[in-house]
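Read through the structure below, which is laid out as structure tokens, and then see the notes.
The values are calculated or read from the model by the stated rules, or taken from the named source; none is laboratory data. Note that this is a predicted model, so its numbers are computed, not measured. Every residue, glycine as well, gets a Cβ built from its backbone with ideal geometry; the counts of neighbours run over all protein chains shown. Calculation scope for accessible area: heavy atoms of the full protein, side chains included, ligands and nucleic acids excluded. Shrake-Rupley method; radii C 1.70, N 1.55, O 1.52, S 1.80 Å.
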Amino acid sequence: MDQETLGSIVLLAIVTLLSVVQNAFFAYKLEHESKHCNSKGFQRQGSSCFDRVYTANQNCGHTYPTFLAVLWCAGLLCSQAPAAFAGLMYLFVRQKYFVGYLGERTQSTPGYLFGKRIILFLFLMSVAGILNYYLIFFFGSDFEIHIKTITSAISPLLLIP
């Protein structure tokens, strides 16, 4: 693979690998809570603390494929840097959701809502990249510079709660 191709995906790969580490942390927390509550190994039934860890892990796992799909689509079709930034923000929010779910379930709500907004941003970036491709294909108009400028300007707004 040449350096130019690698340079266009390296940030997305870093975010993906960080998300794998985060998933391993979630699995570790689940295993630890299972052993702590039951001492018989992994079992579904347990204390309410185990149930919270299990549910938080399941909820994070259910949204993971969607996150990866929109992260890579947005990064490849639109702009790598804003997509990677949004991906890092999503990992932070998912961590906040997971830890919040371990306390009171109402503490996880801000992380959940913020995560939805980041997924929407990545989805819209993907759609903009696809629309730009077809504008070039059918009309010869390239709005890539404008789209990259807009997404780079909007991505820091994801920090606003």
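Determine the order of Leu122, Leu76 by accessible area, beginning with the largest, at a probe radius of 1.4 Å. Please list the in-between numbers first.
Working: Leu122 0, Leu76 105 Å².
Accessible-area ranking of Leu122, Leu76, largest first: Leu76, Leu122.
Tell me the angle of helix 144-154 to the major Cα principal axis of the chain, expressed in degrees between 0 and 90 and rounded to the nearest ten.
The two axes meet at around 40 degrees.
Pull out the extension gain between Met1 and Thr55, defined as 0.36 nm times the separation in residues minus the alpha carbon to alpha carbon distance; nm, one decimal.
Contour length minus Cα-Cα distance gives 15.4 nm.
Can you show me the helix-derived [θ] at 222 nm for the chain, built from DSSP H runs with n ≥ 4 at -39,500 (n - 2.57) apiece and divided by the number of residues, rounded to the nearest 500. Kindly include the intermediate steps, with their values, before the conclusion.
Numbers: 5 runs with 131 residues, N = 161.
Dividing the helical sum by the residues of the chain leaves -29000 deg cm²/dmol.
Taking the Cα-to-Cβ direction at Tyr134 and at Ala153 and moving 7 Å from each Cα, how far apart do the two end points lie in nm?
Using points 7 Å along Cα→Cβ, the separation is 2.5 nm.
How high is the relative contact order of the stretch 1-148? Use alpha-carbon pairs under 8 Å, at least six apart in sequence, and give a whole percent. Each step should come with its number before you reach the end.
Details: 140 pairs, mean separation 33.7, N = 148.
Here the relative contact order equals 23 percent.
Just need log10 I(q)/I(0) for the stretch 49-125 at q = 0.14, 0.22 Å⁻¹, Debye formula, equal scatterers on the alpha-carbon atoms, no solvent, rounded to two decimals.
-0.44, -0.89
Whenever you get a sec, compute what percent of the accessible area on the chain sits on carbon and sulfur atoms (1.4 Å probe). Before the final figure, lay out each step's value.
Working: 6510 of 9540 Å².
Looking at the chain in its full context, I get 68 percent from C and S.
Which part of the stretch 123-137 falls in the paramagnetic zone of Ile160, meaning amide N under 14 Å from the point 7 Å along Cα-to-beta-carbon?
none
Work the Kirkwood hydrodynamic radius out for the stretch 3-158: mean of 1/r over every pair of different alpha-carbon atoms, inverted, in Å. Before the final figure, lay out each step's value.
Values: mean 1/r = 0.0590 Å⁻¹.
Hydrodynamic radius (Kirkwood, Cα pairs) of the stretch 3-158 is 17.0 Å.
Given charges of +1 on the Cβ of Lys and Arg and -1 on the Cβ of Asp and Glu, with all other atoms neutral, how large is the dipole of the stretch 3-158 about its Cα centre, in debye to the nearest 20?
On the way: 11 positive and 7 negative charges, 121 e Å.
In debye, rounded to 20, the stretch 3-158 gives about 580.
Compute the length gained on full extension between Leu76 and Leu18: take 0.36 nm times their separation in residues and subtract their Cα-Cα distance, giving the result in nm to one decimal.
Details: separation 58, 0.36 × 58 = 20.88 nm, distance 1.84 nm.
Going from the current span to full extension adds 19.0 nm.
How do Leu6, Leu102 rank by accessible surface area computed with a 1.4 Å probe, from largest to smallest?
On the way: Leu6 70, Leu102 45 Å².
Final ranking, largest accessible area leading: Leu6, Leu102.
Rounded to the nearest whole Å², what accessible area per residue is found for the chain with the 1.4 Å probe? List each step's numbers first, then the result.
Working: 9540 Å² over 161 residues.
Counting only protein heavy atoms, the per-residue value for the chain is 59 Å².
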